[in-house]
Amino acid sequence: MKMLEIKNLHAKIDGKEILRGINLTVNAGEVHAIMGPNGAGKSTLSNVLTGREGYEITQGEVIYKGENLLELEPEERARRGVFLAFQYPVEIPGVSNIYLLKAALNAVRKHQGLEELDAIDFLTLVRSKMQLVKMDEQFLHRSVNEGFSGGEKKRNEILQMALLEPELAILDETDSGLDIDALRTVSEGVNALRNSDRSIVMITHYQRLLDYIVPDYVHVLSEGRIVKSGDKELAKELEKSGYSWVHDAPEPEGQPA
Amino acid sequence: MNDQTQQLEAITQKEYKAGFYTDIESDSLPPGLNEDVVRQISKIKGEPEFMLEWRLKAYRHWLTMDTPEWAHVHYPEIDYQAVSYYSAPKKKTDGPKSLDEVDPELLRTYEKLGVPLDERARLAGVAVDAVFDSVSVSNTFKDKLAEQGILFMPISEAIHEHPELIKKYLGSVVPQKDNYYAALNSAVFTDGSFVYIPKGVRCPMELSTYFRINAANTGQFERTLIIADDDSYVSYLEGCTAPMRDENQLHAAVVELVAMDRAEIKYSTVQNWYPGDENGKGGIYNFVTKRAACRGVSSKVSWTQVETGSAITWKYPSVVLQGDNSIGEFYSVAVTNNMQQADTGTKMIHLGKNTSSTIISKGISAGRSSNAYRGLVRIGPNAENARNYTECDSLLMGDKCAAHTFPYIEVKNPTAQVEHEASTSKISEDQLFYCKQRGLDVEDAVSMIVNGFCKQVIRELPMEFAVEAQNLLGLSLEGSVG
């Protein structure tokens, strides 16, 4: 089943074209890694897919589970199962983590026509999810991301993902700012969430994340286009020879199955 | 304007929920102010001679005073001769003996406001002294409180029944000559609440007064006096709402609190007077003097206020820390939207030894409003080891509003420790997007972020008030975010 289809996507910010014809198909259950140098358009892609303001889509379309994704508000995309693990998770002073988690889960449940969870059921659920990312319960009662270390913030993102159970998860530079232990914990959390119904798009600059979360496909993004696609071996090549060689590579004809 | 801003502005333009008007015949004095009006008010209330003298003294002094102009607010000059200084619902023979005798129209007004005046009040454990325009119409739980020697009654009744307490305490914290509006209030106040908690008594329930300005062109001048004798405790809630009108209405109240040895008073306000429309038409001028005296040793007074209404707010609930080891606290959320203006803050006057004070002020500005914190911390020469902690945070929503902070610190004792922290922030696009990406709509996201910003203050409110305050924030705070 096709989860996400990006067709000839062009996007501008401040009049400057950043995405220049992206084509990508992600099927249910697949894990895709999108790699590329700084400025290739990686973050723009995740922002456009999740509906952040400030981007102008000039061409192309994005189909998510048969729906035109670009027509939906960010919160509507989220409720339909599109999740972004932020590169820089945002701090919200005075708002406890548990409050946001509960509000988020209930927003999704409401969209699905389910009852809101009561406090006890919610707590039971969230506790079980916290074990996935080895988070201490005290984090529930701290303000959202405030005073969290880099690793704690990223674990908190994966906790949210575990709780919201998205169908399409976009992980934006989830490995950045993590030491090796934190990287392992976060990766284990993500791997535990891999299943045949869930697609994951990992955006990363470095290959090392892919040692922990092994992708089905790897794409190289450069100057707003996917210039090369392959399997996990492609990432290793990149690691060896850097990004410079991909710049002149022609755009691939086909898409991975 | 981007989509998000438009969306937010749509949310902001919510109708004022309490904007209805009750059609009751009222006995009003014609507009205008002179000595005769002061005498007439005193006469209508059947006051003893000392009260009339007290009022006249205030009135004569008021004539010599000028409107204060130092506050960061702007409004056309008020014509005090165009205001009616007395308005009371028409009396039926002897006045109501029970709720059954209260004008049903009046009760419906309270019902719409959600004031738990009847049986619900008993369940909620709230005693309400409801001030409808200028006369207290109903005073629940009086008898139950009286069993413990607690006096909770309209101040007009206290003047008759407890003149010794009135003579001793009225004007003892806010003298008649204190300031322009306090002098005016002292001359023409018509009603308000009076509370006396005897020695060693812990008031078993939250006491509550709802104020409501109803008739057009009437100033409301309430006078509240709360005395907590040695080793006593009381928590007092004040809620305010006013109907929607085109003209501006004046509200100049005075609240005096006296805490004796080891006594504690907690005074909470949720102020939701009509703020005027989005173009600044109409709305209440809220010029209020609130002050507490921590007269006894180890006494404590906490002011907590959530101010979301009024066209103009001019208000500085203060604490004079006279008793050694006394404690003053001020927790405030002030919200301004559209064309609202607020100049609010506190004064902490440290006189006794080891006195301490805490000031937490959260200002939120949206629309084209202006929001100022003005605070004074004064440490007197004899206030050994006095301490103060002040935190002023401002949150801006949109780019057409303003936030100002005017902290004044005067220290005359070298052992003092005074800390001041201030911050200004905006609700960021990043925060909103983060919340939306988790499935929250803009409205809930803004409400959540703002409530988080105000958390330190909200948690000081009694439970039932906290819920109301959070809802109010939800209604009035969601402003234009840029």
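Structure values in brief
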item: Filter pass, A:Glu75 being more than 26 Å from A:Leu178 (Cβ to Cβ), at the interface with another protein chain (Cβ under 8 Å from one of its Cβ atoms) and not in a helix (DSSP H, G or I); result: no
item: B:Gln341 open to solvent by 10 Å² or more (accessible area, probe 1.4 Å) and not acidic (Asp, Glu); result: yes
item: Test: A:Glu146 is more than 9 Å from chain B (Cβ to nearest Cβ), of a type in the set (Asp, Glu), surrounded by fewer than 22 Cβ atoms within 10 Å (Cβ to Cβ) and over 23 Å from the mean Cα position of the chain (by Cα); result: no
item: Residue under evaluation A:Pro89, criteria (1) in a loop (DSSP other than H, G, I, E, B); (2) within 13 Å of chain B (Cβ to nearest Cβ); (3) touching a Leu at 6+ places or on another chain (Cβ under 7 Å), criterion not met; result: (3)
item: Positions within the stretch A:106-125 being more than 8 Å from chain B (Cβ to nearest Cβ) and either part of a helix (DSSP H, G or I) or open to solvent by less than 60 Å² (accessible area, probe 1.4 Å) (or both), in sequence order; result: A:Asn106, A:Arg109, A:Lys110, A:Leu117, A:Ala119, A:Ile120, A:Asp121, A:Phe122, A:Leu123, A:Thr124, A:Leu125
item: Count - residues of the stretch A:82-119 that are of a type in the set (Ser, Thr, Tyr) and at pLDDT below 90; result: 0
item: Residues located in the stretch B:408-452, provided they are closer than 24 Å to B:Arg378 by Cβ, open to solvent by 10 Å² or more (accessible area, probe 1.4 Å) and outside any strand (DSSP E or B); result: B:Lys412, B:Pro414, B:Thr415, B:Ala416
item: Which numbered condition A:Ile34 misses (of (1) surrounded by 23 or more Cβ atoms within 10 Å (Cβ to Cβ); (2) away from chain B (no Cβ under 13 Å); (3) closer than 30 Å to B:Val446 by Cα); result: (3)
item: Pairs with Cβ under 6 Å, 6+ apart, first in the stretch A:1-17 and among the acidic types (Asp, Glu), second open to solvent by less than 60 Å² (accessible area, probe 1.4 Å); result: A:Glu5/A:Thr25; A:Glu5/A:Ile63
item: Residue that is nearest to the other protein chains (Cβ to nearest Cβ) [pool: residues in the stretch A:155-169 that are in contact with a strand residue (DSSP E or B) (Cβ under 8 Å, 6 or more places away or on another chain) and open to solvent by 10 Å² or more (accessible area, probe 1.4 Å)]; result: A:Leu164
item: Extreme residue, surrounded by the most Cβ atoms within 10 Å (Cβ to Cβ), among residues of the stretch B:50-88 that are more than 30 Å from B:Gly375 (Cα to Cα) and of a type in the set (Ser, Thr, Tyr); result: B:Tyr85
item: Test: residue in the stretch B:341-357 that is at positive phi, within 14 Å of chain A (Cβ to nearest Cβ) and outside any strand (DSSP E or B); result: no
item: Residue tally, condition without any contact (Cβ under 8 Å) to a residue 40 or more places away in the chain, farther than 25 Å from A:Arg109 by Cβ and either under 28 Å from the mean Cα position of the chain (by Cα) or more than 8 Å from chain A (Cβ to nearest Cβ) (or both), over the stretch B:421-462; result: 7
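The values are calculated or read from the model by the stated rules, or taken from the named source; none is laboratory data. From a predicted model like this one, the values you see are computed outputs, not experimental measurements. All Cβ positions, even for glycine, are placed from backbone atoms using ideal geometry, and neighbour counts span all protein chains on display. What goes into the accessible areas is simple: the full protein's heavy atoms, side chains included, and nothing from ligands, DNA or RNA. Shrake-Rupley method; radii C 1.70, N 1.55, O 1.52, S 1.80 Å.
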